[in-house]
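Reading through the structure tokens given below for one structure.
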Amino acid sequence: MSIADLAVLVPSRGRPENLERLIRAVHDTARGRTHVVAGVDQDDGRLKDYIRLRREVLLPGDQVITSNHRRNLVEWTNHLAHLHAGQYRYFASLGDDMVPRTPGWDVKLMGAIEEDFGGTGIAYPYDGIRDDIPEAYLLSADIPAALGWVMEPSLNHWYNDNVIADLGHGAGCIRQLRGVIVDHLNVGTGKALVDQTAIDQGGKIAADEAAYKVWFRERRAADVAKVKALRGPAEM
């Protein structure tokens, strides 16, 4: 089985129009062997609209995967990565409220990791909001293989971008490409309406902040060491 370039992992709930917008944007802008792999709960009230995307929008390699086990953002992202382990050289984490704009954004981010870090690392675009942490990011598949996750499992939704920034900076293998644009059209910027998904996510901020602090204090050093080990003895 040949290995494709990039799987864009996208959990979604209650927002099939957002997922369709993202998929179409990926089709328009991606230049590598890049596929969208979405995860949707079967109890989603708009499941029929998600299923329609399979018939009308997906291209070969794209998937909309459903599950009768309800999962949060972190659980879905890790589940999708686990299902596709060994099938892609890179994984990207994008929210369903994100839209790639730059033609070739995928090959540019992959190329930065290849050129700057020898193929093991993290790269992220400018999302129109902030530069210091990656709210959207791409990472080499060997990193989640070593860690066992794309998103730190103690989290629900928030602070994953902080974890990824800490990992990348700690291991010396993260780079932002500010000229690569992936717009983040979220509620916080006034570019999306408040819906039940946003309300549910907002209730998880405090718990995720506490979980992030525990990870930073107790597990960050070990996880950084695992990423450094992938880069060889010179990086230890």
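No lab work stands behind these numbers, since they all come straight from the coordinates. Since this is a predicted model, take the numbers as computed values, not measurements. For neighbour counting, all protein chains shown are included, and Cβ atoms are generated from backbone atoms with ideal geometry for every residue, glycine included.
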Original post:
Amide H of Val36: which non-local residues (sequence gap of 5 or more, or other chain) have their own amide H closer than 5 Å, using H built in the peptide plane?
Top reply: Val8, Asp62, Gln63
Original post:
How high is the relative contact order of the chain, in percent, with contacts defined as C-alpha pairs under 8 Å that are six or more residues apart?
Top reply: 21
**OP:** Given the options Ala207, Ala30, Ala92, state which has the largest fluctuation in a GNM of the chain using a 10 Å cut-off (strictly under) for Cα springs.
**Re:** Ala207
Subject >> Semi-axes of the equivalent ellipsoid for the stretch 2-93, Cα gyration tensor, largest first, Å >> reply: 20, 16, 10
Original post:
So what is the relative contact order for the stretch 22-160, in percent, with contacts set as C-alpha pairs under 8 Å and at least six apart?
Top reply: 29
Original post:
With each label point set 7 Å from Cα along the Cα-Cβ vector, what nm distance links Ala207 and Val187?
Top reply: 1.6
